[in-house]
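Asks: The structure follows.
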Amino acid sequence: MFKLKDIIRENILSLQPYSSARDEFKGNAGVFLDANENPFGELNRYPDPYQRALKLKLSELKKIPSDQIFIGNGSDEIIDLTFRIFCNPNKDKALTFTPTYGMYDVSAAINAIELIKVPLTAEFQIDLNLVEYFLSDSTLKVIFICSPNNPTANIFEKEKIEYLLKKFNGIIFIDEAYIDFSDSESWIKMLTKYPNLMVSQTFSKAWGLAAARVGITYANEEIIKLFNNVKLPYNVSDLNQKAALNALSNADFFKKNLQIIKTEKQKLIEALKTLTQVVKIYPSDANFLLVEVTDANKIYSELVSRKIITRNRNALVKNCLRITIGTPEENAILLQTIKNLSL
């Protein structure tokens, strides 16, 4: 049975979190003389350390209480905090499924945590037979699941994730950076059912705010409190909080661009199928395609020489390029360039 206290690092449980000036006074005042700020300038005041206005807007949108929402400096901060809260360095382990997002590996290494890498099936799905062996290991604290997955672009089968949520007594971290491009439902609707579930989302992809670095995680109130205790005091700038709020207030713009990307993806798939250099296009629930080509290294280099930048994933999936869906004009340039390559 999952018990949160059993998997939290002891030093985190006993941690006395930093109390900032904005923790000790909440509200609007005429004169602020408490935080050693410069009284002059447009950006002279510290931001809300708990991003209350942004959480309230997300709470309304997602139908999730504000105290079950954490805002991070990008999803990468959330991944790093997950290691720091639940995994003891040089002792505990985490697990993920490969190929997948590379920051799980990097963050594990930074935190001195062994990351177990379980290969996906040929269809890029979770193989429960392979992962079953590790579930009883008491030092395994977190399982990272990227769904839709990067770089394979597909959603993982719901039944297999549910099996892990029921069987594993640690944290299941579902990274939904690309969920807005998928027709599948988010796992945030399952938070009340599974106390060990964390769901990460971001403003970087469908919301078009990659430069702002605003990540989100949804979890039960106890887990969110731990993240608030461990994070840096002012981890998300006021500029970035306002950028996210402005995006949420412009739902029509979001929906319009999202539909353009989805439509362009289907057009790009159909066009790529006609090219002799393309061997296979994998199913996509994201804003990118994993495309097997005749010679990934050569085609990638040829495209770079023409100032068209894709991602060479040959080291992860043989002869594959990862192609992000661009504007209609960018996609047309890509297609024409590949078509004209003499390989």
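Asks: Can you name every residue in segment 256-305 that is among the charged types (D, E, K, R) and under 13 Å from G326 (Cα atoms)?
Replies: Within segment 256-305, K262, E264, K265, K267 qualify.
Asks: Right, something else. Please indicate, with yes or no, whether at least one residue in segment 75-97 is part of a helix (DSSP H, G or I), assigned by TED's automatic domain parsing to the domain that holds W187, crowded, with 20+ Cβ neighbours inside 10 Å and among the small types (G, A, S).
Replies: yes
Asks: State all residues of segment 144-161 that are over 14 Å from the mean Cα position of the chain (by Cα), over 18 Å from A122 (Cβ atoms) and β-branched (V, I, T); if no residue qualifies, say none.
Replies: Scanning segment 144-161 gives a single hit, I161.
Asks: Same structure again: Being in a loop (DSSP other than H, G, I, E, B) and in contact (Cβ under 8 Å) with a residue 24 or more places away in the chain is the filter here, so list the residues in segment 1-31 that pass it.
Replies: At the first step, the residues of segment 1-31 found to be in a loop (DSSP other than H, G, I, E, B) are 1-3, 8-9, 14-20, 25-31.
Selection gives M1, F2, K3, I8, R9, L15, P17, Y18, S20.
Asks: In addition: Please go through segment 313-332 and give me each residue that is out of contact with any Pro (no Cβ under 7 Å at 6 or more places or on another chain) and either surrounded by fewer than 19 Cβ atoms within 10 Å (Cβ to Cβ) or at positive phi (or both), ordered by number. Don't jump to the end; show me each part of the working.
Replies: Taking segment 313-332 and keeping what is out of contact with any Pro (no Cβ under 7 Å at 6 or more places or on another chain), we get 314-315, 318-321, 323-332.
N314, A315, K318, N319, T324, G326, T327, P328, E329, E330, A332 - these are the residues of segment 313-332 that are out of contact with any Pro (no Cβ under 7 Å at 6 or more places or on another chain) and either surrounded by fewer than 19 Cβ atoms within 10 Å (Cβ to Cβ) or at positive phi (or both).
Asks: Confirm whether L130 is under 26 Å from D76 (Cβ atoms), modelled with pLDDT of 95 or more and not assigned by TED's automatic domain parsing to the domain that holds D285.
Replies: Working: under 26 Å from D76 (Cβ atoms): no; modelled with pLDDT of 95 or more: yes; not assigned by TED's automatic domain parsing to the domain that holds D285: yes.
It is false that L130 is under 26 Å from D76 (Cβ atoms), modelled with pLDDT of 95 or more and not assigned by TED's automatic domain parsing to the domain that holds D285.
Asks: Taking the residues in segment 32-57 that are assigned to a loop (DSSP other than H, G, I, E, B) and among the charged types (D, E, K, R) as candidates, determine which candidate is farthest from E221 (Cα to Cα). Explain how you work it out, then say what you get.
Replies: Here is the first cut: in segment 32-57, the residues assigned to a loop (DSSP other than H, G, I, E, B) are 32-51.
Narrowing the set further to residues that are among the charged types (D, E, K, R) leaves 34, 37, 42, 45, 48.
Numbers: D34: 29, E37: 32, E42: 34, R45: 28, D48: 19 Å.
Among those that are assigned to a loop (DSSP other than H, G, I, E, B) and among the charged types (D, E, K, R), it is E42.
Asks: Can you tell me which condition K93 does not meet? The list is (1) among the basic types (K, R); (2) out of contact with any strand residue (DSSP E or B) (no Cβ under 7 Å at 6 or more places or on another chain); (3) touching a residue at least 40 places away in the same chain (Cβ under 8 Å), and all the others hold.
Replies: (2)
Asks: Now for a different question. Out of the residues in segment 260-297 that are closer than 18 Å to Q125 by Cα and among the small types (G, A, S), state the one that is nearest to the chain's Cα centre (by Cα).
Replies: My answer is A286.
Asks: Still on this structure, please answer the following. Looking only at helices (runs of 4 or more DSSP H) that fall completely inside segment 220-286, which ones have 1 or more residues that are at pLDDT 95 or above, more than 19 Å from G74 (Cβ to Cβ) and not aromatic (F, W, Y)?
Replies: 221-230, 251-272
Asks: With β-branched (V, I, T), assigned to a loop (DSSP other than H, G, I, E, B) and without any contact (Cβ under 8 Å) to a residue 24 or more places away in the chain as the only criterion, which of T152, T121, T100 stands out? Before the answer, list the steps.
Replies: Details: T152 fails: without any contact (Cβ under 8 Å) to a residue 24 or more places away in the chain; T100 fails: without any contact (Cβ under 8 Å) to a residue 24 or more places away in the chain.
It is T121.
Asks: Exactly one of (1) assigned to a loop (DSSP other than H, G, I, E, B); (2) surrounded by 13 or more Cβ atoms within 10 Å (Cβ to Cβ); (3) over 22 Å from the mean Cα position of the chain (by Cα) is unmet by K307. Its number?
Replies: Condition (2) is where K307 drops out.
Asks: Only one of N287, N240, N235 is under 30 Å from S59 (Cβ atoms) and touching an Asp or Glu at 6+ places or on another chain (Cβ under 8 Å); which? Spell out how you get there, then give the answer.
Replies: On the way: N287 fails: touching an Asp or Glu at 6+ places or on another chain (Cβ under 8 Å); N240 fails: touching an Asp or Glu at 6+ places or on another chain (Cβ under 8 Å).
N235 is the lone residue from the list that is under 30 Å from S59 (Cβ atoms) and touching an Asp or Glu at 6+ places or on another chain (Cβ under 8 Å).
Asks: Could you identify the single residue in M190, M198 that is in contact (Cβ under 8 Å) with a residue 24 or more places away in the chain, over 26 Å from C320 (Cβ atoms) and touching a Ser or Thr at 6+ places or on another chain (Cβ under 6 Å)?
Replies: Values: M190 fails: touching a Ser or Thr at 6+ places or on another chain (Cβ under 6 Å).
Of the residues listed, the single one that is in contact (Cβ under 8 Å) with a residue 24 or more places away in the chain, over 26 Å from C320 (Cβ atoms) and touching a Ser or Thr at 6+ places or on another chain (Cβ under 6 Å) is M198.
The values are calculated or read from the model by the stated rules, or taken from the named source; none is laboratory data. These numbers come from a predicted model, not from an experiment. A quick note on method: Cβ atoms are made from the backbone with ideal geometry, for glycine too, and the neighbour counts reach across all protein chains shown.
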